[in-house]
Amino acid sequence: MKASFNKYPFDVVLCMLWSFILLLRVVLNVDGVLWVILGLPCLFFIPGYLLLFTLFPKKKTDQGLGGVERLAISMGLSLVIVSFIGIGFNYTRWGLQHASLLTLSVLFFSIVTGIIAVYRWSRTNPDERFIVSLDFSWKKPSDKMEKTFTVALAALIVITATLLVYTIVTPKSGESFTEFYLLGISHKTEGYPRDLSVGENKSVIIGIINHEHRTVNYTVEIWLINQSIFNETEGGNNVSHMWFMDKITATLKHVNVNGEEWKPQWGYNYSFTLNRRGLFKLVFLLFTSPTKSYIKGVDYRDQAEEILGSAYKQLHLWVNVS
């Protein structure tokens, strides 16, 4: 049994409708293996197929392409198109951080190209139009070369599909890291306490985001350091005093990096008062393993190098107490 679509370019219309899966993905903001599988043709086949159809709306002649050639070329051409769109976005003020904008750009390209393809097909002589025919009966290839090419193409599609499924199902390790940051009381990177009086209460927000691909037991230690003596021999500042202030713990699960929108995972509103006058360095040390116990207010200057050197990450604020 054989079915042909002579009145309209069924393949072009189907590709345009399928492309709207990208729009649904952005609007609904959903993830999952099913959405990835449905969206793959929108990126790695449809853009190239529609552009190829626009350039060659005729069936296989000296000026046209056959179905097998269209399928093979479309995949490679789609990679080129999506790559060029990505490169173009990389030079805009948005960059490649907003994946949704890149996705919508591919959708826009596919729809516009599809409309042009339909117009070109309608302006082509009906006898010369490329028409999709679905033949459900089996027949042997008439040419040995055609048979070899068909088998090779089928094997390539199977291998590619297998690799794609493996990539989707296998968890991606990627880079392991932790975001460790301080925010002002307004939840912005401003308004930090810089000048305060003895006994005055101030606050900062300590933030952590776990991208370590495992659950981590974090420890944050807060220290008050006086390092006003400059050591010219070693080229750095000596720690004159290092007082322990506080310890905070948090157990956080891994969260994936969101390239579209930054979201906090854990935040702690830390309030403190200082009872010493002078210029001090308020240090926040992050650890991913258990730490020693310290007594608040005690000077651990002799252990300063060991403590500071063992921290996974560290942040600090300069505070002037009067």
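General observations
- Within the range 33-56, residues that are of a type outside the set (S, T, N, Q) sit with their Cβ atoms under 7 Å from residues that are surrounded by fewer than 19 Cβ atoms within 10 Å (Cβ to Cβ) and not in a helix (DSSP H, G or I), at 6+ positions apart or across chains, in these pairs: 56/64.
- Residue 109 buried (at least 16 other Cβ atoms within 10 Å of the Cβ) and at pLDDT 85 or above: yes
- Counted residues, the range 280-296 - those being aliphatic (A, V, I, L, M) and over 18 Å from residue 266 (Cα atoms): 3
- Of the criteria (1) closer than 30 Å to residue 262 by Cα; (2) at pLDDT 80 or above; (3) aromatic (Phe, Trp, Tyr), which one residue 35 fails: (2)
- Applying the criterion of at least 1 residues that are modelled with pLDDT of 95 or more to the strands (runs of 3 or more DSSP E) found wholly in the range 159-254 leaves 177-183, 202-211, 216-226, 241-252.
- Residue list for the range 269-293, filter: buried (at least 17 other Cβ atoms within 10 Å of the Cβ) and more than 27 Å from residue 322 (Cα to Cα): 286, 287
- Test for residue 288: is it without any contact (Cβ under 8 Å) to a residue 60 or more places away in the chain, of a type in the set (Val, Ile, Thr) and closer than 25 Å to residue 189 by Cα: no
- Residue 281 being of a type outside the set (A, V, I, L, M, F, W, C), farther than 17 Å from residue 219 by Cα, within 38 Å of the chain's Cα centre (by Cα) and at pLDDT 90 or above: yes
- Taking the conditions (1) at pLDDT below 95; (2) in a strand (DSSP E or B) in turn, residue 257 satisfies each one other than (2).
- Scanning the range 280-303 for residues that are aliphatic (A, V, I, L, M) and in a strand (DSSP E or B) yields 282, 283, 285, 286.
- Considering the range 304-319, the residues that are in a helix (DSSP H, G or I) and surrounded by 15 or more Cβ atoms within 10 Å (Cβ to Cβ) include one that is farthest from the chain's Cα centre (by Cα), namely 304.
The values are calculated or read from the model by the stated rules, or taken from the named source; none is laboratory data. Here the structure is a predicted model, which is why all the values come from computation and not from measurement. Heads up, the Cβs are rebuilt from the backbone with ideal geometry, glycines too, and the neighbour counts pull from every protein chain shown.
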